Amino acid sequence: MLRKHLSPALLVAIAALVVALGGTSYAVSRLPKNSVGSAQLKKNAVTSAKVKAGAITGAKLAPESFTGRQIVESSLGKVVSAQTADRSLAADHAGATIALDRVIFRGANGSVAQAPVGLSTASDLVTVGCDAGQLASGGGVRVDDPAHTDIIDSFPSGGGRTWSAQVRNDDETAAHTFSVFAVCVPAGAAG
């Protein structure tokens, strides 16, 4: 047999159910954005498994809260300026500077005959070479009598493996000597 009226107990139970469900849904739909913080979380409630990848950036970390011991260096990319430096000319030759402790000086002596009487000058060319596997990165000339001898030219020669110099003598009474020097470095250091 079906009753036409609801019992007061059933009415109270339905009202309690409506209030309970309505209050929860109201709370969920009405929470302001960012209203849950440290005070509302239980200790150890948030674990790394519950944090979305990329959600925590360096800007969100407290100063001095992260140390070098916590960084896996192999996981870090290269700084853009460091990548540029790797490709720069200076970086390409930086390793070669280590070889500069093996700089070797080579020298050769020359002599310019006395200038023929009536002709203005005599000249001579001397070349000094570096050892195998070396290049002449520089060179120079020294004359014994600057009053009568002039350096005509001083230059790299022999595909960069030698240094040459040409000296002129205008002294009609004597021959004069000169020295040619080459600064030799390992071929990889000359770049």
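Tabulated values for the structure
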| read-out | value |
| --- | --- |
| Cα-centred dipole magnitude for region 102-190, charges only on beta-carbon of K, R (+1) and D, E (-1), debye, nearest 20 | 540 |
| Ranking of ILE152, ILE14 by count of other Cβ atoms within 10 Å, fewest first | ILE14, ILE152 |
| Amide proton proximity set for GLN114, modelled H, under 5 Å, gap of 5+ | ALA175 |
| Sum of side-chain charges, VAL117 neighbourhood, beta-carbon under 13 Å (Lys, Arg +1; Asp, Glu -1) | -3 |
| Listed peptides 172-183, 66-77 by packing density, highest first (mean Cβ within 10 Å) | 172-183, 66-77 |
| Fewest-first ranking of ILE56, ILE151, using other Cβ atoms within 10 Å as the exposure measure | ILE56, ILE151 |
| Relative contact order of region 102-190, defined on C-alpha pairs under 8 angstrom at six or more residues apart (%) | 44 |
| Dimensionless Rg over Rh [region 102-190; C-alpha; Kirkwood] | 1.08 |
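Only the coordinates and a few stated rules stand behind these numbers; no lab work does. Treat the numbers as computed from the prediction; the structure is a model and nothing was measured. All Cβ positions, glycine included, derive from the backbone under ideal geometry; neighbour counts span all protein chains shown.
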